[in-house]
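Notes follow the structure.
The values are calculated or read from the model by the stated rules, or taken from the named source; none is laboratory data. This one's a predicted model, so the numbers in the text were calculated from it and none came from an experiment. Cβ placement follows ideal geometry from the backbone for every residue including glycine, while neighbour counts extend to all protein chains displayed.
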Amino acid sequence: MTKRIMALVDDLFFQQPIESAAQRLGYVVEFAEPANDVVAYLVARQPWLILVDLNVKSVDWERWVMAAKTSPATRKMPILAFGSHMDAASITRAHKAGCDAVVSNGAFMADPAGMIQKHARLDGSEALRRQAQDPLPELAHKAIEQFNAGEFWEQHETFETVWRAEPGPVRQMYQGILQVGVAYYQIQRRNYDGARKLFQRAWQYLSVLPDVCQGVDIAQLRADAQAAMAELERLGPERIAEFDPALFKPIRLVEAAQSVQT
């Protein structure tokens, strides 16, 4: 899984130290380009941290931050802004827009690697890898059976019980599957905006999972959900009634890991 930093930065004075620090920490830096749909842009990239230079000229940082922090699909993405300590107005705007932290240029440049480590989202990959080897809980197995039977609202209720009871990072799998199922349910109800938003929300959970998790073929689920969302967007709200329900693909269980907790 690519650990990406999205940087709203167009000044080489900042770009080069950011890239160098990020590379040492195992991150890939992508410098943001103008985007009409900021949420879709971020959902597709799933950054571990968004860096914002309050003096950036190439993008409207305020629009980006507000869009990211008002959408359930992206609001958990941490945002660190930096700017001149003399520019009190921009610092106030950054806090108001929703930045999680705002520091001075001097503080950021003194230790960019430390700033990235401090503010990027936590890496729970090792704990997730361990949990991914566990058998699928019995109630989650029932929820998948409901999903595969086209009982998309019922699977939502069952998976919600499962993820609320699970404190570990594998709960992201239950949340992700739940969101895909409800997206399918919204397509059945001809709710274009609701379905699209749910696909976007699902991606923040599914994107961090290993390809197989507790016997669930996550790689296939991601591909199926992406195909369904692409078709939804191709049709648009006016033609959603033409959506082919054959794209509601069942969740595949990997044979070697289908054991169920008792």
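For Ala202, are the conditions met, namely being under 22 Å from Thr2 (Cα atoms) and surrounded by 22 or more Cβ atoms within 10 Å (Cβ to Cβ)?
yes
Can you confirm whether the stretch 28-41 contains a residue that is loosely packed, with under 15 Cβ neighbours inside 10 Å, of a type in the set (S, T, N, Q), modelled with pLDDT under 95 and not assigned by TED's automatic domain parsing to the domain that holds Arg222?
Checking the stretch 28-41: at least one residue is loosely packed, with under 15 Cβ neighbours inside 10 Å, of a type in the set (S, T, N, Q), modelled with pLDDT under 95 and not assigned by TED's automatic domain parsing to the domain that holds Arg222.
Starting from the stretch 214-236, take each residue that is in a helix (DSSP H, G or I) and list its partners that are surrounded by fewer than 15 Cβ atoms within 10 Å (Cβ to Cβ), counting only C-beta distances under 8 angstrom and pairs at least six apart or across chains.
Going by the 8 Å Cβ cut-off, the qualifying pairs are Ile218/Asp211; Ala219/Asp211; Glu231/Asp244; Leu235/Glu242.
Give me the residue from the stretch 237-256 that is touching a residue at least 40 places away in the same chain (Cβ under 8 Å), in a helix (DSSP H, G or I) and not aliphatic (A, V, I, L, M) and, out of that set, nearest to Leu139 (Cα to Cα).
Only one residue tops the list, namely Pro245.
Looking at the stretch 35-54, I want the residues that are at positive phi and have a partner that is among the β-branched types (Val, Ile, Thr) with Cβ atoms under 8 Å, at least 6 apart or on another chain. Which pairs are those?
Pairs found: Gln46/Val208.
What residue, of Arg171, Arg234, is surrounded by 16 or more Cβ atoms within 10 Å (Cβ to Cβ) and of a type in the set (D, E, K, R)?
Matching residue, one of Arg171, Arg234: Arg171.
Condition first: of a type outside the set (D, E, K, R), under 25 Å from Leu54 (Cβ atoms) and within 22 Å of the chain's Cα centre (by Cα). Now tell me which residues in the stretch 96-141 satisfy that.
Ala97, Gly98, Cys99, Ala101, Met115, Ile116, Gln117, His119, Ala120
Taking Val56, is it modelled with pLDDT of 95 or more, more than 30 Å from Leu198 (Cβ to Cβ) and aliphatic (A, V, I, L, M)?
Here the answer is yes, as Val56 does meet what is asked.
If Gly176 satisfies all but one of (1) touching an Asp or Glu at 6+ places or on another chain (Cβ under 8 Å); (2) closer than 24 Å to Ser71 by Cα, what's the number of the condition it fails?
(1) is the only condition that Gly176 fails.
Within the stretch 196-208, how many residues are over 11 Å from the mean Cα position of the chain (by Cα) and either farther than 23 Å from Phe243 by Cα or without any contact (Cβ under 8 Å) to a residue 24 or more places away in the chain (or both)?
Qualifying residue count for the region: 1.
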